[in-house]
Every structure is written in structure tokens, then in C-alpha cells.
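Read through the structure below, which is laid out as C-alpha cells, and then see the notes.
The values are calculated or read from the model by the stated rules, or taken from the named source; none is laboratory data. All values derive from a computational prediction rather than experimental measurement. So basically every Cβ, Gly included, is an ideal-geometry build from the backbone, and we count neighbours across all protein chains shown. Accessible surface areas use protein heavy atoms only, side chains included; no ligands, DNA or RNA. Shrake-Rupley method; radii C 1.70, N 1.55, O 1.52, S 1.80 Å.
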Amino acid sequence: MESELIALNDLKKVDPVFGQISFDNHEQVVFCQDKDTGLKAIIGIHNTVLGPALGGTRMWKYNNEWEALNDVLRLSRGMTFKSAISGLNLGGGKAVIIGDAKTEKTPELMQKFGAYVHSLGGKYITAEDVGMETSDMDLVHDVTPYVTGISESRGGAGNPSPITAYGVYMGMKAAAKFQFGSDVLSGKKVLVQGIGHVGETLVSYLTKEDARVVIADINEERLNEVSSKYGAEIYRGKDLYSEEADIYAPCALGATVNNETIGKLKAKVIAGAANNQLADENIHGALLKEKGIAYAPDFLINAGGIINVYAEIENYGKQEIINKTENIYNTTLEIFSKAELEGITTHQAALKTAQSLIDARKLELKK
Ligand code: NAD
């Protein structure tokens, strides 16, 4: 997490809010505080041209408020492009609650947070993210309808992680097709870094297809559990980035493609679930292109979760969720072609496509 965040000194060099790179045209940023429950939260609303800003709430013990602000802004901007490129009528937003989800989260705090979400009148719709459970979203749902990711018994679409994993699998197959000429993953060595909610399901798809799956995690218990369940090999080396492999799937933290790791990477494809995989989207996107590594943009291929929660708003069923998620395969191939044709990185190609959809809607709205 820390490596995802810009150093405090760098942040202080420019104006504190509108001058931040991560502020990037945010429409609204809301700071929420409640002394009684200890709530300190920031809601970032990046863009609402395509629809209400939907994005999860992350609860994290940030080192300082700058880190929290930077995190929410980066994540909320990412949601704008994720929803746009997935063809959803949603804008981009995100929220962070500052605190330890294990020790400081209480029902009162969650409901107070829900009241703040409600006060925005539907401009921002929340959902789960790191540090949140479906039960927390149910508490938010007690005070506002502007929440997704609630229990199935309350009309929710259920856990989004398996769908996210399916989308990542689709994006990975498309990237393999582009890079290796075939989307068959059988025999391909895939490094899955992080075998949590998404990583485990991804491992299940990969092992089913007879890929050679190597798993890495900081949680030894999970490693043993997932390894024995799917027959995946546990990584026991010291530096995962240097490992010979066909595909690297970051499914733990962001910013793992950075100055330190990029020179070591042996994999020819990067396709994973983590948000903000490129520490610097311009510098590291370009370096990956230079190295001939096919990078499937994170916000494109990890959109299964948002497609899943969007079903709660649009009232579509499981089959439509699967169809939309399977379409990630086609969109990823289109992005690889566009990047090649225009001589730009895949990240830039995906951003351009998303931005053009937003611009087109803006024009329509002006008519
Ligand atoms: P999770 O918390 O369930 O799993 C993360 C796993 O990564 C854990 O097993 C953890 O032990 C491991 N991990 C943490 N630090 C690590 C490290 N340094 N090296 C190796 N392993 C490490 O999270 P998740 O829901 O599976 O999500 C994974 C990633 O995908 C996150 O970055 C998340 O933001 C992103 N994402 C998730 C969804 C979703 O639907 N869950 C949707 C979009 C994006």
C-alpha cells in the first residue's frame, strides 16, 4: 500500500488540493468527520458525466491524511475510466475511511458514513473495497439506498470477487492471444501474486486449463490451502519479479510495476486484478512497451466487480453479468490493436477509449 502512495515531501511541493496531479479534474471531494463515532472519511467524486459516481469504500490505517487523500483521488479517477471502458452508465468515485478496519470499525461508524453518502443525494454510490465486508454495506444500506454490494437477501448481487477473477482471466487470455498468437493457457507458466478473494478464483480457472500456476502470498496458511486445493506450486524464491514465467498476474497490491521491478520482469504478459499496477502510468507503461511486455490495463480487465454491482442498479441478471464480463476479452484485444496502430501504450489506448466515450456523452448532453 505504501508504495502506491506518493512521498509526503513530493505532495507538499505543490498546492495541497487542486494542484495535486491526482486531483485531476475531480468534480467534488467531501471530507467527513464525526467525533462521536471517530469517523474520518474522504469521498472523491471524479466524474459524473456517464452517471452517478460508483466506487467502493476502503478502510485503511493510513500514515497520514495526505496518503488518504492521494489514495482516494487516484482510485476515484480510476473508477471513471473503468466504468466508461466497460460500457456502464456510471461515473467514477471512491471513498476512504481512515482507520484500522480490524479494530476501529463499528456499526455506528459505518452508519454515520452511510449518512454522509446519503447527504450527496445519489451523486455517489458506495460499495465494498479493502477492509469492507458485505455486512458493512448492509449497515450503510440501513441509512441510504445509495449503496451496492449488499447481501443477496437484501437484493444485492453477491460477492463480486469471483466475477472480477473471471474478467481477469478473460483479459489474460486476450493478452496471451496478442502476445503468443493463441489464447490457450495450457502449459503457460503463470505467477499469481496474491491469492485472496480474486487470486484464488483466478488460480481455479488457470489450473482447470492446465496452466502451470505458481502462487505467491505473504499468508502461509492461504498458500498451503490454495496449493493443496488446486495443485498450484508455491513460490519459495526470494524475488518473484525475477522468476522466469510467461505471465505475471498481480492480484495483491498496486504499484508492483515500478523502477525497482521493471528491469527484472521476465514474463511476456502482465494481466492481474490489482488496481494501479503501474507505479507511474506514463513512465512504466512506456517501459513495458519498450521491453515488449504485453500489459493488459488493470482498470479494463478487473472490471468484473463493477459489472456485478451495476446489476444491482440496472436490475439485470447473472447471465448478463457473465456476458458483459466475457466482453472484456474483446475489448482487451481492441485495446492491444489500437495501441499498436497508434504507437501508444496499452494503458494510454484504454484511457483514450474511455475518455472518448465520456466526451461523446458530454456532447450529447449539450445538445
Ligand atoms: P484480498 O485482500 O482478498 O487478497 C489479497 C491477497 O494478497 C491476500 O491473500 C494477501 O495476503 C496478499 N498479499 C498482500 N500483500 C502481499 C504481498 N506483498 N505479496 C504477496 N501477496 C500479498 O483482495 P482481493 O479482493 O483478492 O483483491 C486483490 C486485488 O484486486 C486488490 O488490489 C484489489 O484492490 C483488486 N480488485 C479487487 C476486486 C474485487 O472484486 N475483489 C475488484 C477490482 C480490483
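Obtain the radius of gyration and the Kirkwood radius of segment 33-76 from its C-alpha atoms and give Rg over Rh. Don't jump to the answer; show the numbers that get you there.
Working: Rg = 12.0 Å, Rh = 11.8 Å.
Ratio value, two decimals: 1.02.
Give me the percent relative contact order of segment 201-329, please, defined on Cα pairs under 8 angstrom at least 6 residues apart. Could you put the intermediate results ahead of the total?
Details: 153 pairs, mean separation 20.8, N = 129.
16 percent.
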For the chain, built as a Gaussian network whose Cα springs stay under 10 Å, the top-fluctuating residue of Tyr235, Tyr310, Tyr124: Tyr235
GluC sites (Glu not before Pro) within segment 213-264, DSSP loop, no more than 13 other Cβ atoms inside 10 Å: Glu244, Glu260
Cut-off under 5 Å, modelled amide H: who pairs with His46 long-range: Glu27, Gly92, Gly93, Lys94
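Send over the per residue convex hull volume for segment 103-259, Cα only, as a whole number of Å³. Could you put the intermediate results ahead of the total?
Details: hull volume 26.2 nm³, N = 157.
So the per-residue Cα hull volume is 167 Å³.
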Cross-link reach list, lysines versus Lys61, counting only Cα pairs under 19 Å and skipping chain neighbours closer than eight places: Lys35, Lys40, Lys94, Lys102, Lys105, Lys112
Segment Glu334-Glu233, extension gain: residue separation times 0.36 nm, minus the distance between their alpha carbons: 33.1 nm
Extension gain from Phe180 to Glu320, taking 0.36 nm per residue of separation minus the Cα-Cα distance: 47.4 nm
Whole-percent carbon and sulfur share, accessible surface of segment 27-174, 1.4 Å: 48
Nearby lysines by direct alpha-carbon distance to Lys189 (threshold 20 angstrom, same-chain neighbours under 8 apart not counted): Lys173, Lys177, Lys208, Lys229, Lys238, Lys264, Lys266, Lys268, Lys291
Rg/Rh for segment 278-331, where both radii come from Cα atoms and Rh is the Kirkwood radius: 1.16
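Counting pairs of alpha carbon atoms under 8 Å apart in space and at least six apart in sequence, what relative contact order in percent does the chain give? Before the final figure, lay out each step's value.
Working: 752 pairs, mean separation 57.0, N = 367.
Relative contact order for the chain comes out at 16 percent.
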Mean-position separation - Cα centroids, segment 114-172 and segment 237-284, in angstrom: 28
For Gly51, residues with placed amide H under 5 Å, excluding near neighbours: Gly91
Accessible surface, per residue, of segment 120-258 when the full set of protein chains is kept, probe 1.4 Å, Å²: 41
Hz values of 3J(HN,Hα) by residue in segment 332-347 - Karplus curve (6.51, -1.76, 1.60), Gly and Pro given as x: 5, 4, 4, 5, 4, 5, 4, 4, 5, 4, 9, x, 10, 7, 5, 5
Accessible-area composition of segment 225-367, carbon plus sulfur, in percent [1.4 Å probe]: 50
Residue among Val140, Val29, Val198 with the largest mean-square fluctuation in a Gaussian network model of the chain, springs linking Cα atoms under 10 Å: Val29
In order through segment 190-195: 3J(HN,Hα) via Karplus (6.51 cos²θ - 1.76 cosθ + 1.60), integer Hz, x for Gly, Pro: 10, 8, 9, 9, x, 10
Estimated dipole of segment 111-231 in Debye, rounded to 20 [Cβ of Lys and Arg +1, of Asp and Glu -1, Cα centre]: 540
Nonlocal amide H pairs with Val147, under 5 Å, H built at 1.01 Å: Thr126
Whole-Hz couplings from phi, Karplus 6.51/-1.76/1.60, listed for segment 353-367; x for Gly and Pro: 4, 4, 5, 5, 5, 5, 5, 4, 5, 4, 4, 4, 5, 6, 5
Three-way shape call for the chain based on the alpha-carbon gyration tensor, with the a/c threshold at 1.5: rounded
Counting all C-alpha pairs of segment 232-367, share separated by more than 22 Å (%): 46
Relative counts (whole %) of C-alpha pair distances in segment 192-299, using bins that are 5 Å wide: 2, 13, 24, 25, 18, 11, 5, 1
Proximal aspartates and glutamates relative to Lys362, as straight alpha-carbon distance under 20 Å, when same-chain residues fewer than 8 apart are discounted: Asp24, Glu27
